[in-house]
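First up is the structure itself, then whatever we jot down about it.
The values are calculated or read from the model by the stated rules, or taken from the named source; none is laboratory data. From a predicted model like this one, the values you see are computed outputs, not experimental measurements. Don't worry about glycine lacking a Cβ; one is built from the backbone with ideal geometry, like all the others, and counts go over all protein chains shown.
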Amino acid sequence: MSQRYLVTGGAGFVGSHLVLALLRGGASVTVLDDLSTGHEAAVPKGARLVHGSVADPDALGRAFAEGPFEAVFHFASLTLVGESMREPVRYIAANVAGGAALVEACIRHRVARLVLSSTANLFSEPAKIPIDEDEAIIPGSPYGESKAMLERLLFWADRIHGLRSACLRYFNAAGADPDGEAGEDHRPETHLIPLVLDAAAGRRPPLIVFGDDYPTPDGTCIRDYIHVADLATAHLAVLEPLRTRSVRYNLGTGTGHSVREVIAAAEAVTGRSVPHTIGPRREGDPAVLIAASDRIRRELGWRPRFPALETIIAHAWAWRQRNPHGYR
Ligand code: UFG
């Protein structure tokens, strides 16, 4: 009998790529998603969709009726840093309540392992770059705060109930399924790479570069872009250690790229120019965020398969070319 997994938020960007990886490994997958930001068409064929929120006991009941699950992956969440700065109470309340309801259900249904989608936004004042797992947690926004709270909740769920968990702090998730079966489609889109590609394709107005007066070599912000398929394999890699202990890992490639470098790489990949103008800084953007992912490399042997920015952009571009309007 194949192993069964529950993926909350499996209709979203990173979640749908994990569902694909699980299905390709022969697993059975139940997706719990309220489709508030995810897309029904993004749920890979072969997965069962339970339509509803993690905060809704009835929806959680319907999802857990499909178990027992080997492990639960929790992606369902409000995820926009900027929006969370305008609506802090809604962000923290929704993300913490949803996560807590899920953890409670995992304990009740005797799920042994849970993987939390966490964020680099835990580290808004890094003492050193690259950022490792010993860095102080100082969330940069209510969004990051909500993830920090869930990480603490999981600490106690392990200590008291023995629920093992992995907290995976993604840096900048990007790219698309290398086989073209899934891609990135946020509405509204706020992420750099899809905005750059749509500007190159003439589907959006010129990109506004948020500030060119940062203390970086070319004045624009530096980020660590990690391929979404590599994030998916990291989620699979943590399942083994979770049999005996909880873990937390920072996930990136260890290499940073500035906004100008992303634009140049997109121009090289697409063969088009990326119209752009320089605007003011965006509030809350740190100058440099790069992950030290040595710990997961050392402990689990995980490596990104697609570390090159050009590959990440090429996969995103291929999907966008075939799906110019995203998921219908
Ligand atoms: N940027 C622009 N113009 C745009 C959009 C983005 O110049 O129109 C710049 C940003 O200023 C930033 C870089 O491109 O320097 C990347 O911006 P994104 O919005 O794509 O990503 P962020 O680094 O802001 O945020 C990401 C995730 C968050 C996560 C955060 C961790 O999207 O969920 O990393 O710090 F919390």
(request) Considering each of Leu242, Leu231 in turn, give the residue that is within 14 Å of the ligand (Cβ to nearest atom), outside any loop (DSSP other than H, G, I, E, B) and modelled with pLDDT of 95 or more. (result) Leu231
(request) Mind listing just one residue for me: the one in the range 11-35 that is surrounded by fewer than 19 Cβ atoms within 10 Å (Cβ to Cβ) and out of contact with any Ser or Thr (no Cβ under 8 Å at 6 or more places or on another chain) and, of those, nearest to Arg328 (Cα to Cα)? (result) Leu35
(message) Restricting to the range 104-127, give me the number of residues that are buried (at least 16 other Cβ atoms within 10 Å of the Cβ) and either within 16 Å of the ligand (Cβ to nearest atom) or under 15 Å from Asn250 (Cβ atoms) (or both).
(response) 11
(message) Just to check your reading of the model, which residue among Ile193, Ile226 is assigned to a helix (DSSP H, G or I), touching a residue at least 40 places away in the same chain (Cβ under 8 Å) and surrounded by 24 or more Cβ atoms within 10 Å (Cβ to Cβ)?
(response) Ile193
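Would you be able to say whether some residue in the range 150-163 is under 28 Å from Gly326 (Cβ atoms) and of a type outside the set (Asp, Glu)?
no
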(request) Tally the residues that are away from the ligand (no atom under 14 Å from the Cβ), surrounded by fewer than 24 Cβ atoms within 10 Å (Cβ to Cβ) and not in a loop (DSSP other than H, G, I, E, B), restricting the search to the range 164-190. (result) 1
(request) Just name the residue that is modelled with the highest pLDDT out of those in the range 128-153 that are among the basic types (Lys, Arg) and away from the ligand (no atom under 14 Å from the Cβ). (result) Arg152
